[in-house]
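Chemist: Please find one structure pasted underneath; my questions will follow.
The values are calculated or read from the model by the stated rules, or taken from the named source; none is laboratory data. It should be emphasised that the depicted structure is a prediction, and the values quoted were computed from it without experimental measurement. Here the Cβ is made from the backbone with ideal geometry for all residues, glycine too, and neighbour counts use every protein chain on show.
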Amino acid sequence: MVKDLSQTTKKSSSRWDTSTYIGDWYQVVGLLVDKEFFVKLLEAINLPKDASILEIGIGSGKWSAAFAIMGYKTTAMDMSSEILEQAQRNFPNIKIEYIVDELPNLTSEASKRKYDLVFNEGVIEHFLDRNERVAAIRAMGKCCIEGGYVFFYVPFLSDKEDEHRYTSSKELFDELADAGLKPVFADFMGIEVTNGGGKPVDRMHTQLRVVGKKE
Ligand SMILES: C[S@@+](CC[C@H](N)C(=O)[O-])C[C@H]1O[C@@H](n2cnc3c(N)ncnc32)[C@H](O)[C@@H]1O
């Protein structure tokens, strides 16, 4: 890791407070036992056992940790070296390659390699401009092998000012198509948000999951 790019991104740099991303093993175990999610993902993309996975925008690093534990060769990329260092502290002893780079103009050596799956959760909705989102999606597609997949996990009907509000899966499908990816799979996932004491608050966050194929 050579430089911290987080100060160069105008809109979102203040948002990524490293202390928010203190991940733990319970999160990873939660992902690994979420059979419904992984079965659907793996069915949708038929990932080979020796596949390589690139996650871009890693936050706590829990997804990369889960992929690495599943045996995939995993590269974790983020614009913030602090985030990457925190992820390493969160999940020591897990073999993950950590890389600093920033969407949409990826310049690292690792971004020039090709991966079977490029994964992101909670990232592209932070590009509020559609052209920037399409550029970020295209950059992810470039990191993918021919016939490989890019997985997107975004909030649906977000009510946050600094997140794009997706109102249909078609909207993200169209962005994928404009970025040169073929949309192949989409679903919604309702997540009940609790107030920390286990009591549900009065609304549902819903996530939209979409997979694009590089052809
Ligand atoms: C909401 S967090 C993702 C949460 C993550 N999926 C998790 O499991 O914790 C967004 C992450 O994307 C990174 N990020 C935001 N904009 C980025 C960009 N343009 N290029 C690369 N990383 C970016 C942030 O530093 C942050 O780590």
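Chemist: For the stretch 168-183, does any single residue satisfy the condition of being touching a strand residue (DSSP E or B) at 6+ places or on another chain (Cβ under 9 Å), of a type in the set (Phe, Trp, Tyr) and in a strand (DSSP E or B)?
Modeler: Within the stretch 168-183, none of the residues are touching a strand residue (DSSP E or B) at 6+ places or on another chain (Cβ under 9 Å), of a type in the set (Phe, Trp, Tyr) and in a strand (DSSP E or B).
Chemist: Moving to a separate point now. Output the residues belonging to the stretch 136-185 that are modelled with pLDDT under 90 and of a type in the set (A, V, I, L, M).
Modeler: LEU157, VAL184
Chemist: Next up: For the stretch 36-45, indicate whether the set of residues that are modelled with pLDDT under 95 and within 14 Å of the ligand (Cβ to nearest atom) is non-empty.
Modeler: Just the residues of the stretch 36-45 that are modelled with pLDDT under 95, to begin with: 36-45.
Keeping just the survivors that are within 14 Å of the ligand (Cβ to nearest atom) gives 37.
For the stretch 36-45, residues modelled with pLDDT under 95 and within 14 Å of the ligand (Cβ to nearest atom): present.
Chemist: Return the pair list, or none, for Cβ contacts closer than 7 Å from residues in the stretch 11-31 that are closer than 18 Å to GLU85 by Cβ and modelled with pLDDT under 75 to residues that are within 8 Å of the ligand (Cβ to nearest atom) and in a helix (DSSP H, G or I), at least 6 apart or on different chains.
Modeler: The qualifying pairs are SER13/SER6; TRP16/SER6; TRP16/ILE83; GLY23/LYS62.
Chemist: When the stretch 65-88 is examined, which residues are found to be among the acidic types (Asp, Glu), out of contact with any Ser or Thr (no Cβ under 7 Å at 6 or more places or on another chain) and part of a helix (DSSP H, G or I)?
Modeler: Matches in the stretch 65-88: GLU85 only.
Chemist: Also, I was wondering about something else. I'm told LEU84 meets every condition in (1) at pLDDT below 90; (2) within 13 Å of the ligand (Cβ to nearest atom) except one. Can you identify the failing condition by its number?
Modeler: Condition (1) is where LEU84 drops out.
Chemist: Additional query: Name the residue that is nearest to VAL123 (Cα to Cα), counting only residues in the stretch 87-111 that are within 11 Å of the ligand (Cβ to nearest atom) and touching a Gly at 6+ places or on another chain (Cβ under 8 Å).
Modeler: LEU103
Chemist: Being within 23 Å of ASP187 (Cα to Cα) and surrounded by fewer than 23 Cβ atoms within 10 Å (Cβ to Cβ) is the requirement here; does ASN93 meet it?
Modeler: Judged against the criteria, ASN93 is not a match.
Chemist: Any residue at all in the stretch 46-60 that is in a helix (DSSP H, G or I) and at pLDDT 75 or above?
Modeler: Checking the stretch 46-60: not a single residue is in a helix (DSSP H, G or I) and at pLDDT 75 or above.
Chemist: Pick from the stretch 113-161 the residues that are polar (S, T, N, Q) and over 22 Å from ILE99 (Cβ atoms): which of them is nearest to the ligand (Cβ to nearest atom)?
Modeler: Ranking the qualifying residues of the stretch 113-161, first place goes to SER158.
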